[in-house]
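A short worksheet on the structure shown next.
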Amino acid sequence: MAGTSAGEPKSKRPSNTAFKQQRLRAWQPLLTPKSVLPTFFIIGIIFAPIGGWLLWASDRVNELRIDYTNCDRLGTAFVTLDSNDYEYHLHGINSNSITKPKQRYDSEERVCTISFNLPKDLEPDVFLYYRLTNFYQNHRRYTKSFDVDQLKGKTRSASDLNNGDCSPLDSHSENGGPKKPYYPCGLIANSIFNDTIRQPVLTNPSGNQNTVTYKMSETGIAWTADKKRVNPTGYKPSDVFPPPNWREKYPNGYPDPIPDLGKDEHFLVWMRTAGLPTFRKLYMKNTQDTMASGFYQIDIVMNYDTRSFGGTKSIVISTTSFIGGRNPVLGIAFIVVGGLCVLLGCIFAIRHFYRPRRLGDHTYLSWNQQVASGLADNSAASATARNAQPASGTQGLLRQRP
C-alpha cells in the first residue's frame, strides 16, 4: 500500500534532518594540557591585578557608621559608645586614635543627639544613609505587598483591594462605618522608615562662628525609574485611611489635597526593597561641598522601632569611588579566583611534566567518526578521517578517556 491508511496512527519519529537528529556542526574543544594550562595562568594573571586594583579603590572610600538603636534608653548627659556600636574606615587614619562617639537622649522631644569626631575632610560626593539589620525586605509576601494601580493614581476601592497583594493591610473601617482602602496599601508602605535625621552641625568651626550646618539635600536620592512608578492619586481625603504606622504623621487623616507620594523621595527609596536582611538606604547627600573635619552633632527624632524584630539602626556617612561605596568583597573575590587559577595551573603543570599522560588519536573521536561515515556534511574532514591511520599501540588508548 503506497500510503498510510486513515486509521493508522501518525508516526512521532522526527524527520531525518541535521537539526532534529542533533547533527548540527558545533565546536567541541579538546581539553589538552596545551590548552588548559595557559588558560589557568592567563586567568590568574588578569584577575589578581584587577582584584588588587578594586581592593585599593575600596580602601580609599571614607566611611563611618554609628549605631543609635538604644539611644532612647540614655539620659540627657552624653554617654560614650562602646566599640561595637560604631565603626570608622578613614583612609590613612588609624581608627583607634579617633575620639569615640557620644550620644544623649531628650525624652520629651524624643530626640537622640549623636556627637562624633571627623578627623579628616570628606570630599564630595558625601552621602548619609540609614542602616537596618535583621529586616527581611526580601520576604516573598512582603515584596509583593503593594498595589501597582493604586500607586499609579487609580482610585481602587476596598472591594478591589480585598484579598489582593496588599492583604491584610488593604482596607479598614472605624466605628462601624464603611470600609475604606488604605492609601498606600500594603506592608511595604506601612513599615516605612520614619526616623527624622537632621542636618549635621559642625560644633567647632574655625573663625568666629559658633556652629556651621553642613547642608545636605533630600532630593535626588531616588531612582528616576521609581519616580515614574508613582503618580498623584485620584482619592479624596475622605475616601481613604493612612496606613496604621502613618497615623502619627497624619493623626486626623490626610489633608486636602492628599500629598503626592511621587515627590516623597524617602517613600520611593523605601519602596525599592532590599535583597538582604542587612541593608542601607540613602537619606540625604551633598555633591558640591567638602565636609570639613571637626566635631559634629546630628539630631535624630526617634520614631522607628527596630527592637521589636531584633534589629538595629545606624547612620552611615560615606564617600564613593568609581566602583561605588566601600566594598572590599569584590576585590577579594578577584584575588582569590586569580590565586586559585595560578595555583591549579602550577599543580597541573608539575603533574604533566613529571607523569605525562599519552593522548589518543583525535580522528577516532565520535564526532569525527560521524563525519567519516557521511552522517555530517564535511567533505574535507571526512576525507581526512577516512585516510587517517592510527599509530601503533593507539587502539587501546582510543578507548580511554582523554
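Restricting attention to the stretch 143-256, lysine pairs at least eight places apart or on different chains and with alpha-carbon atoms under 12 angstrom apart total 4. Within straight-line reach of K313, meaning a Cα separation under 15 Å, sit the following aspartates and glutamates at least 8 residues removed in sequence or on another chain: D67, D72, D85, E87, D195, D299, D305. Once volume of the Cα convex hull per residue in Å³ is worked out from the coordinates, which option in (1) 138; (2) 302; (3) 215 does it equal? After the calculation, the listed value that fits is (2). The Kirkwood radius of the stretch 189-292, taken over pairs of alpha-carbon atoms, gives through the Stokes-Einstein law at 25 °C and 0.890 mPa s a diffusion coefficient of 149 µm² s⁻¹.
Note on the chain: with a GNM built from Cα contacts shorter than 10 Å, the maximum mean-square fluctuation among N231, N70, N210 falls on N210. GNM on the chain, alpha-carbon springs under 10 angstrom: the most fluctuating residue among K281, K100, K20 is K20.
Computed per residue of the chain from DSSP H runs no shorter than four, each worth -39500 (n - 2.57), the mean residue ellipticity at 222 nm is -7000 deg cm²/dmol.
Distance between the C-alpha centers of the stretch 53-109 and the stretch 183-208? Whole Å please. With the stretch 53-109 and the stretch 183-208 each reduced to a Cα centre, they are spaced 17 Å.
Think of the chain as a dipole: +1 on every Lys or Arg Cβ, -1 on every Asp or Glu Cβ, centred on the Cα centre; then among A274, Q22, S145, Q22 lies furthest on the positive end. Just checking the listed ones, S15, S173, S58: in the Gaussian network model of the chain with Cα springs under 10 Å, the one fluctuating most is S15.
Placing pseudo-labels 7 Å out from each Cα toward the beta carbon at L276 and Y142 gives an inter-label distance of 1.5 nm. Annotation: lysines with alpha-carbon distance below 22 angstrom to K20 (same-chain offsets under eight excluded): K10, K12. Note that the stretch 233-301 presents 48 Å² accessible area per residue, ligands and nucleic acids not counted, probe 1.4 Å.
Calculate what fraction, in whole %, of the accessible area of the chain sits on carbon and sulfur atoms when a 1.4 Å probe is rolled over the protein chains. It is 52 percent, rounded to a whole number. Placing R0 at 45 angstrom, the Cβ-Cβ distance between D260 and S11 gives a FRET efficiency of 0.10 after rounding to 0.05.
Based on DSSP loop calls and a cut-off of at most 14 other Cβ atoms within 10 Å, the longest stretch of the chain free of exposed GluC sites (Glu not before Pro) is what? The longest uninterrupted stretch comes out as 249-402.
The values are calculated or read from the model by the stated rules, or taken from the named source; none is laboratory data. Note that the structure is predicted; figures quoted are calculated from it, not measured. All Cβ positions, even for glycine, are placed from backbone atoms using ideal geometry, and neighbour counts span all protein chains on display. These area figures cover heavy atoms from the full protein model, side chains too; ligands, DNA and RNA do not enter into them. Shrake-Rupley method; radii C 1.70, N 1.55, O 1.52, S 1.80 Å.
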